[in-house]
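A.B. asks: Got a structure for you, questions after.
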Amino acid sequence: MSIDLVALDMAGTTVQEGGAVYRALADAVAAASGSPVPGTDVRRWMGADKREAIAALLAGAPAEVDTVFDDFRTRLAAYYATTPPTALPGVESALTELRARGIKVALTTGFSRDVAEDILTALSWKVGGCVDALITADEVPAGRPAPYMIFRAMEATGVHSADRVLTAGDTVLDLRAGTNAAAHYVIGVLTGSQDAETLGQERHTHLLSSVAEIPLLLTRHG
């Protein structure tokens, strides 16, 4: 089966950012609610739209979601200023190879567009250059596990059939979104914070060490 679109998550999948997003998320929610956020609660929302995650983690606390989201963004920017995000090993080469084969590459993320674009700037990645499209959670009716970001990536790249789409991500919600989109390949990668045992419990077609292995996978199955 020929693949026309590879839709990839950002943090933990294509981008190494040291878990800063979830530290910033937990810190912002803890500051608003007045109590620490258990790690198990944060992990449950890995890969999700960050506003949806904040609303759930507040669990009825009086703080406004938008206010906490702004605090999250401020904390994340401070973390990134100290330790800028970088491309995971082999990812840029893989993206270049995929696009050289005529395969579209889209990034999908639970970040808002402004945060995602700041990351792309830090990486010197450009839409139309390194990738063909950037789809963010604030551009769709619901974030993962809903399939809408994948569908929006298909729309942005002119791909009509989900059976010609490969999705990859480092979280359970990434896999659920790919499955809900009926993508041909639904791949979990082990470069994030969720391990093979956790990801393996979800429906998937492959588990790979890294996005860097995707071109070889498509060569073998082409």
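A.B. asks: With the structure loaded, tell me whether S210 is modelled with pLDDT of 95 or more, open to solvent by less than 40 Å² (accessible area, probe 1.4 Å) and out of contact with any Leu (no Cβ under 6 Å at 6 or more places or on another chain) or whether it fails that test.
C.D. replies: When the stated conditions are applied, S210 passes them.
A.B. asks: Let me ask something else. Residues that are farther than 28 Å from W125 by Cβ, of a type in the set (V, I, T) and either more than 21 Å from the chain's Cα centre (by Cα) or open to solvent by less than 20 Å² (accessible area, probe 1.4 Å) (or both): does region 6-28 have at least one?
C.D. replies: The answer is no, given that none of the residues of region 6-28 is farther than 28 Å from W125 by Cβ, of a type in the set (V, I, T) and either more than 21 Å from the chain's Cα centre (by Cα) or open to solvent by less than 20 Å² (accessible area, probe 1.4 Å) (or both).
A.B. asks: Now for a different question. Search region 196-222 for residues that are closer than 17 Å to G90 by Cα and pair each with any residue that is in a helix (DSSP H, G or I) and open to solvent by 70 Å² or more (accessible area, probe 1.4 Å) when their beta-carbon atoms are under 8 Å apart and the residues are at least 6 apart or on different chains.
C.D. replies: Short answer, once both residue conditions are applied: A212/S93; P215/E97.
A.B. asks: If we scan region 114-125, do we find a residue that is within 20 Å of L98 (Cβ to Cβ), in contact with a His (Cβ under 9 Å, 6 or more places away or on another chain) and not aromatic (F, W, Y)?
C.D. replies: no
A.B. asks: To continue, here is another question. Hey, among D114, D132, which residue is under 30 Å from S33 (Cα atoms), open to solvent by 10 Å² or more (accessible area, probe 1.4 Å) and acidic (D, E)?
C.D. replies: D114
A.B. asks: Oh, and also: Looking only at region 71-92, which residues are closer than 15 Å to D27 by Cα, of a type in the set (A, V, I, L, M) and surrounded by 17 or more Cβ atoms within 10 Å (Cβ to Cβ)?
C.D. replies: L76
A.B. asks: In the list T171, T179, which residue meets the criterion of being open to solvent by less than 50 Å² (accessible area, probe 1.4 Å), in contact with a Lys or Arg (Cβ under 6 Å, 6 or more places away or on another chain), closer than 23 Å to E213 by Cα and polar (S, T, N, Q)?
C.D. replies: T179
A.B. asks: Pairs needed: first member in region 111-140, of a type in the set (F, W, Y) and modelled with pLDDT of 90 or more; second member anywhere, open to solvent by less than 10 Å² (accessible area, probe 1.4 Å) and not in a helix (DSSP H, G or I); C-beta distance under 7 Å; at least 6 residues apart or different chains.
C.D. replies: W125/V131
A.B. asks: Looking at region 188-207, which of the residues that are within 18 Å of V105 (Cβ to Cβ) and of a type in the set (V, I, T) is surrounded by the fewest Cβ atoms within 10 Å (Cβ to Cβ)?
C.D. replies: T191
A.B. asks: Any idea which of T167, T179 is among the hydroxyl-bearing types (S, T, Y) and touching a helix residue (DSSP H, G or I) at 6+ places or on another chain (Cβ under 6 Å)?
C.D. replies: T167
A.B. asks: Those residues that are open to solvent by 10 Å² or more (accessible area, probe 1.4 Å) and either of a type outside the set (D, E) or within 19 Å of the chain's Cα centre (by Cα) (or both), I need them from region 93-107; list them, please.
C.D. replies: S93, T96, R99, A100, R101, G102, I103, K104
A.B. asks: Which condition breaks for E17 when tested against (1) in contact with a Phe, Trp or Tyr (Cβ under 8 Å, 6 or more places away or on another chain); (2) of a type in the set (D, E); (3) within 17 Å of G143 (Cβ to Cβ)?
C.D. replies: Condition (3) is where E17 drops out.
The values are calculated or read from the model by the stated rules, or taken from the named source; none is laboratory data. Just so we're clear, the structure is a prediction, and the values are computed from it rather than from any experiment. Cβ atoms come from the backbone with ideal geometry, glycine included; neighbour counts cover every protein chain shown. Side chains are part of the model used for accessible areas, which takes the heavy atoms of the whole protein and leaves out ligands, DNA and RNA. Shrake-Rupley method; radii C 1.70, N 1.55, O 1.52, S 1.80 Å.
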